[in-house]
Amino acid sequence: MGRDRNDRGRYADGIDPETVMDVFDAREDAARPVTASDVVEELGIARRTAHNKLNALVERGTLDTRKIGARGRVWWIPDRGDADTLDAEELRGDPSTTLAGESDESDARADAVDDGTDGPADPPADAHGADGAGEEDALDTARERIEELDLAGSGADYDRRRDAVLKMYQYLRERPGERVSKSDFADLLDGDDVGYGGGFASLWANWVKGSGDRPNALDTLPGVELRGDDYVFEVDP
């Protein structure tokens, strides 16, 4: 019997976190870390749901996670340094087993992720000082806020749409108090792949211009205000 789908064509969220381990079982390369996009595509669930399930497994100690570059996050089955390597099924709570002893390649492979979620390498700790760290934290918060909105898309297209909105957000943050128009953002993203065949106009219509129960992905981000048709980033006093 097939799983029920919701009105967006995604599978209804009736899975438990352990089902996510099927995605780890399905890997051809057992040392390759898994991304939220992998889980979305394999299980047909919403991105926010994928994050919730993966993070639940991290809290249980079944998985480890780390941020990759400026825009990505990966999850993997940790090497606890014990006994024999176990498959994902054994890691689902059998008290008679010990945790996996995977290859040292696991941590090294965590530095590589598919093009849909990878981003530039983290800067050295002293490259930008406290301001650089604060900016990175702000973008992480914005990324999480966007993913909580459960906007249209999956896989690489979703990642490109999210990253385009983050690029607009960063542009606003670099110009506190200035009014930025739709045409300014269009110039900013000119030539970028924004995850829509229709380009910037489709991104704006579906992700930025809120309508009905569809949120505006840009003015929900911290510090962003919509003034008429323009956007302004206000710094907290």
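The values are calculated or read from the model by the stated rules, or taken from the named source; none is laboratory data. This structure is a prediction, so every number in the text was calculated from the model and none was measured. So basically every Cβ, Gly included, is an ideal-geometry build from the backbone, and we count neighbours across all protein chains shown. All accessible areas refer to the heavy atoms of the entire protein, side chains included, with ligands and DNA or RNA removed. Shrake-Rupley method; radii C 1.70, N 1.55, O 1.52, S 1.80 Å.
What to note about this one:
- Among the residues of this structure, Val194 does not count as one that is over 18 Å from the mean Cα position of the chain (by Cα) and in contact (Cβ under 8 Å) with a residue 12 or more places away in the chain.
- Extreme residue, modelled with the lowest pLDDT, among residues of region 47-66 that are of a type outside the set (S, T, N, Q) and open to solvent by 60 Å² or more (accessible area, probe 1.4 Å): Arg48
- The helices (runs of 4 or more DSSP H) falling completely within region 148-219 that include 3 or more residues that are farther than 30 Å from Gly44 by Cα map to 155-173, 182-188.
- When region 11-46 is limited to residues that are open to solvent by 10 Å² or more (accessible area, probe 1.4 Å) and among the hydroxyl-bearing types (Ser, Thr, Tyr), the one that is modelled with the highest pLDDT turns out to be Thr19.
- Residue within region 199-221 that is of a type outside the set (D, E, K, R), more than 21 Å from the chain's Cα centre (by Cα), at pLDDT below 85 and open to solvent by 70 Å² or more (accessible area, probe 1.4 Å) present: yes
- Close pairs (9 angstrom Cβ cut-off, 6 or more residues apart or separate chains): free of Cβ contacts under 8 Å to residues at least 12 places away in the same chain in region 150-177, buried (at least 17 other Cβ atoms within 10 Å of the Cβ) anywhere: Glu174/Phe233
- Subset of region 132-189 that is at positive phi and modelled with pLDDT under 90 - its residue that is surrounded by the fewest Cβ atoms within 10 Å (Cβ to Cβ): Asp150
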